[in-house]
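Chemist: Dropping the structure in here first, questions after.
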Amino acid sequence: MSQFDPTIDLPLAAPPARVRGRVRVPGWLLLIWRNRKSRVGMVMVASMVMFALIAPLISVAHPNEFNLLAARQAPSWHHLFGTTDQGSDIFSQVAFGARRSLLLGFAAALLATGLAATLGVTAAYSGGFADDVINFFINVFLVIPAIPLLVVISGFMKERGTWTMVIVLAAVLWAFEARILRGQALSLKNRDFVLAAKSSGESTRRIVFAELMPNMISRIAAGFVLVFYIALLVDAGLEFLGLGDMTGTSWGITLYWAQVNSTVLQGEWWPFFFPGAALAFTVLGLVLMLAGIDEISNPRLRTEREST
Amino acid sequence: MRWFARRLGFYVFAIWVALTINFLLPRLMPGDPVSGLLAHLTPAQIQANPGIVHEFETLLGGTHNSIWHDYVTYLGRIAHFDFGLSTSNYPTPVSEVVGRTLPYSMFLVGVAFILAFVLGTAIGMVAAWRRGRAVDNVVVPVFMALSALPAFFTALLGLYFLGLKAHWFPIQHAYDSGVTPGFNWTFLSSAFRHSQLPILVIIAAFTGGWVLNMRTVMINTIGEDYVLMAQAKGLPDRRVMTRYAARNAILPPLNGFAPLFASAIGGLVFIEFVFSYPGAGLTLQQAVLGNDYPLAQALLVVLSICVILANLLMDILNLVLDPRLRSA
Amino acid sequence: MTALMEAPIDTRTSAPALLELRGLTVDYGGARAVDGVDLTIHEGEILGLAGESGCGKTTIANAVMQILRPPGRISGGSIVFRGEDLVGKSDEDMRRFRWRNVSMVFQSAMNALNPVMRVGDQFVDAMRAHERIDKKGALAQAEQLLELVGIDPARIRAYPHQLSGGMRQRVIIAIALSLNPELIVLDEPTTALDVVVQREIMQQVEALKQDFGFAVLFITHDVSLLLEFADRIAVMYAGEVVESAPAQKLGTDAQHPYTQGLLQSFPPLTGPLERLTGIPGSPPDLRNPPAGCRFHPRCPHCTRDNATLYLRQTAERPVLHEVAPGHSVACHLVEEGTA
């Protein structure tokens, strides 16, 4: 992990590049692609998305179909990832589980990013009392441990559908991102272009959404990726504890049944390994993307090449 | 010192917000938590203790009083640490269950988190000081990858490979069966052996965060003139790295302590669940699954207070380490 | 100024050479920050090094101390101190050399002291890195040094943030004196300070020099300060020395168009105020410097009117030529006698 693509020396505000066939690739996306870490991360996440999309084509059985005759089978050609103690095919569970896990993480991250960007940037820009209040709540959410809070909230909820979980996750996780975005907006708010917009009488809402946010796009992207992977982890974790939407198919639910049926203690590694590895793979891809974005916005972090 | 007073004020407010969230949650959620709670008790148990319904109602909502009246009653009870009775351990008071399980968790997370902090900052320091060398190229990516793994997956992997296959560690519970908890050698040594694997998992999961923090800040610190001047003074390399660069670089990561410690407390819930380790995390999960809301609420409050106390300790450390804060 | 006028130049430059740079070349990745610089500092003299930021002045200072930040490295030439080449010395020998023989006062007074360490301890560790001395003795010496630069010795227990900018710079000068070095490098020591404090500090350095007898390499972009305090001045442009001369000579008879421009961008300390002209344009990209004379794109005398001269200016690199005793210039105009 020592040698990186030297072409990432580009300024962050690279102009949108036109690529053949009039497809417009935004400049920041191209930039993220040029960094080796974030490129590897993007490929990993994209392949998991593909895997989720083609799940019905590659599954050998309905994910929750059980067959006690085929229970507790180690991975084989027919059951690539083995079977559960109920005889369900784990490969199919992981493939279908990817759909729900990715969708939930993505939706929660989208909602949290919207919340964090709006609140964080507005707080930084308006300053004064509004900033104090919002910043106070950001900090409070950072000292109340998120997982125990989510565990208790899920306990009080009797109905835990996908969209309910999306809202709950976003409501608890937005603070992580808001802190970063507020800091970034604070450093931007006294730049000339913001002051110019202010003195020409633009409204706060317009300055926040039309002036500040477009200039923070790489930070917002980074915050989105951050919350995406935290949401993936937390959601799978809650299901693993038996506290998610336990009716469907997801990585966390497969892990939950592996845990409560003590399959590990009986030496069966496949019921926990494959869903766990799928989650770890996706999260690692997102972390690499994040590391790449960090390197682009702070070039000092890059490992230097030996000068020749 | 005004800085410290402001921090203290913030913590008092934060505890108040945590308590208020706790008060509002059962009242805002659909459904009737009190009846769910009572379903776990036999009619005989309820009849034997006629005040219990009202007691639960003041905690969880459902009384005929105004919400403000309930709120004041609730805060008054919490102030005496009176969370009522735990239904899953009926008729043990919640405070007793918390007192029994919390020490296990605090031992795990306290020891592991301090080790992760020391190890992580040391690795981050050396990696930044010797960019592109062995530590930077090998050790850093290993810890980054480990910290990207979900904590419960790391725990399951450790349980399977290090516990079940290699037999290096005991794999379940906090001490051997047949040992009675108490202040004696048999119990303490057994408890220590059982804590090793969970501690190792927490270290694996959280060292990477400190490595990343420290490395990033340290790289920026190395560019400062005082580091250059220390080198020009002809100080030994190691002294420049520790007393000048690292000594300053350590300050910003300390401010990132809150979110990392809070997420370590979260990770603890999963890790205790995997190892059936009877700490506050496992108890919380079981309380929630068993609708034992008084216990779940009490644990959330206590864990929040633990995070806040840990932050307070870090603030004091900050004050010791940074003379500029003392005069601010 | 009067002291400077009275002293004949010859006795000043005839002292033995203390530090000699011979063809010193420093690369930063693909950029050549210092390109074949020859410079000599004699014992007890103040050599001024002038030039715009980015011309390689600070790089020379860091190269002498060998504290270049990667990817910067010395890629050629030698740095000879009292007849011994410093390039290629072992790390440990170099460590012993630093501060003991050459100490350095850094650019930003605000940042050169460790913010979390008491002032006294920053003296102590410099002394104890080189001498066998107990902490008490070192602190006692530090108090004396502070007194010498006009700071209350009780401040030894202060942290840097409790001192003003001028005081911090005096503290750094006192630390620089702590091992009684033969040469002190002042790297833009007064840029962050106001004009009055600047002069006070330089007068103090001059007075201390009389007592301690060290030589000074004084790096600054402020030529008027150099004219006042330096014995000799070398002017750098884009990694090269373009002119060097005794200070008064340079003040009155600068030959290189760049030196002339530099002199015009600072108000003279005495005499009537004139319009400041400055130099149009900006220094070249050192990864890809202009061919010929590096100053030619900004030079007012480089025009196509004189075709032969223009060709030389844009294709041939000028070398330093002695135009008068102790006065060298690297300029085609001077060689052609058209200046």
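The values are calculated or read from the model by the stated rules, or taken from the named source; none is laboratory data. All values derive from a computational prediction rather than experimental measurement. Note that we place each Cβ from the backbone using ideal geometry, even for glycine, and neighbour counts take in every protein chain shown. The area values use the complete protein model at the heavy-atom level, side chains included, leaving out ligands, DNA and RNA. Shrake-Rupley method; radii C 1.70, N 1.55, O 1.52, S 1.80 Å.
Chemist: Label points 7 Å out from Cα along the Cβ direction at A:Ser297 and A:Phe129: separation in nm?
Modeler: It works out to 3.1 nm between the two label points.
Chemist: Angle between the Cα long axis of helix C:165-177 and the longest principal axis of chain C, 0 to 90 degrees, nearest 10?
Modeler: 80
Chemist: Counting only protein heavy atoms and using a 1.4 Å probe, what share of the accessible area of the protein assembly as shown belongs to carbon plus sulfur, as a whole percent?
Modeler: On the protein assembly as shown, the fraction of accessible area on carbon and sulfur atoms equals 60 percent.
Chemist: If you don't mind, there's one more thing I want to ask. Out of residues 5 or more away from C:Asn114 or on other chains, whose amide H comes under 5 Å of its own, with H placed 1.01 Å from N in the peptide plane?
Modeler: Hits under the 5 Å cutoff: none.
Chemist: Compute the angle between helix C:195-212 and the longest alpha-carbon principal axis of chain C, please, reported from 0 to 90 degrees and rounded to the nearest 10.
Modeler: Taking the Cα atoms of chain C, the angle to C:195-212 is about 70 degrees.
Chemist: Continuing with this model, one more query. So for the pair B:Ala134, A:Ile217, with labels modelled 7 Å out along Cα→Cβ, what separation do we get in nm?
Modeler: Placing both labels 7 Å along Cα→Cβ, they lie 4.5 nm apart.
Chemist: If you take the square roots of the eigenvalues of the alpha-carbon gyration tensor of region C:29-115 and sort them as a ≥ b ≥ c, do you get rounded (a/c under 1.5), prolate (a/b over b/c) or oblate?
Modeler: On the way: a/c = 1.15, a/b = 1.04, b/c = 1.11.
Rounded, since a/c falls under 1.5.
Chemist: Apply the Karplus curve 6.51 cos²θ - 1.76 cosθ + 1.60, θ = phi - 60°, to the phi angles in region A:35-41 and return the couplings in whole Hz, x for Gly and Pro.
Modeler: Each residue's phi maps through the Karplus curve to give 7, 5, 4, 5, 5, 4, x Hz.
Chemist: For a label point 7 Å from the Cα of C:His161 along Cα→C-beta, name the residues of region C:116-144 whose backbone N is under 20 Å from it.
Modeler: Under cut-off, by backbone N: C:116-123.
Chemist: At 1.4 Å probe size, with every protein chain present, just tell me what the per residue accessible area of the protein assembly as shown comes to in Å².
Modeler: 43
Chemist: Using amide H atoms built in the peptide plane, which far-off residues or other-chain residues are under 5 Å from C:Gly48 H to H?
Modeler: Residues meeting the criterion, in which the H sits 1.01 Å from N, are C:Phe218, C:Asp231, C:Arg232, C:Ile233, C:Ala234.
Chemist: Follow-up. What stretch of chain B, leaving out the sites themselves, is the longest with no trypsin sites (Lys or Arg not before Pro) in a DSSP loop having at most 14 other Cβ atoms within 10 Å?
Modeler: B:134-328
Chemist: Let me ask you something else. Do any trypsin sites (Lys or Arg not before Pro) in region C:123-200 lie in a loop, going by DSSP, with at most 16 other beta-carbon atoms within 10 Å of their beta carbon, and if so which?
Modeler: Loop-located and lightly packed - C:Arg132.
Chemist: Label point 7 Å out from B:Asn255 along Cα-to-Cβ: which residues of region B:186-213 have amide N under 13 Å?
Modeler: In region B:186-213, the label zone of B:Asn255 (backbone N under 13 Å from the point 7 Å along Cα→Cβ) covers no residue.
Chemist: How large is the helix-only mean residue ellipticity at 222 nm for chain C, computed as the sum of -39500 (n - 2.57) over DSSP H runs with n ≥ 4, divided by its residue count, in deg cm²/dmol to the nearest 500? Provide the component values of the computation, followed by the final result.
Modeler: Numbers: 13 runs with 117 residues, N = 339.
Rounded to the nearest 500, it is -9500 deg cm²/dmol.
Chemist: In addition: Hey, got the dipole for chain B? About the Cα centre, +1 on K and R Cβ, -1 on D and E Cβ, debye to the nearest 20?
Modeler: Numbers: 19 positive and 15 negative charges, 317 e Å.
The calculation lands at about 1520 debye.
Chemist: Multiply the residue gap between A:Ala46 and A:His62 by 0.36 nm, knock off their C-alpha separation, and tell me the result in nm, one decimal place.
Modeler: 3.4 nm
Chemist: Just to check I understand the Karplus step: with θ = phi - 60° and J = 6.51 cos²θ - 1.76 cosθ + 1.60, what whole-Hz values come out for region C:147-161, glycine and proline as x?
Modeler: 4, 4, 8, x, 10, 3, x, 5, 5, 4, 8, 7, 8, x, 5
Chemist: Give me a comma-separated list of calculated 3J(HN,Hα) values for region B:48-61, in order, Karplus coefficients 6.51, -1.76, 1.60 applied at θ = phi - 60°, integers in Hz, x for any Gly or Pro.
Modeler: These are the phi-based 3J(HN,Hα) values: 5, 9, x, x, 5, 4, 5, 4, 5, 5, 5, 7, 10, x Hz.
Chemist: How far is helix B:280-289 tilted off the main Cα axis of chain B, in degrees rounded to 10, range 0 to 90?
Modeler: Taking the Cα atoms of chain B, the angle to B:280-289 is about 40 degrees.
Chemist: List the residues, sorted by chain then number, that are 5 or more residues from C:Met104 or on another chain and whose placed amide H is less than 5 Å from its amide H.
Modeler: Under 5 Å from the amide H of C:Met104 lie the amide H atoms of C:Val185, each far enough along the sequence or on another chain.
Chemist: Using a simple spin-label model with points 7 Å from Cα along the Cα→Cβ vector, what separation in nm is obtained for B:Trp168 and C:Val195?
Modeler: My value for the distance between the label points is 7.0 nm.
Chemist: Let me ask you something else. Accessible area lost on pairing C with B, both sides, 1.4 Å probe, Å² to nearest 100?
Modeler: Numbers: alone 15860 and 16880 Å², together 30480 Å².
Answer for the C-B pair: about 2300 Å² buried.
Chemist: A further question follows. Taking the Cβ-Cβ separation of B:Leu312 and B:Leu289 as r and a Förster radius of 35 Å, what is the calculated FRET efficiency to the nearest 0.05? Don't skip to the end; give the middle numbers.
Modeler: Numbers: r = 32 Å, r/R0 = 0.92.
After rounding to 0.05, the efficiency reads 0.60.
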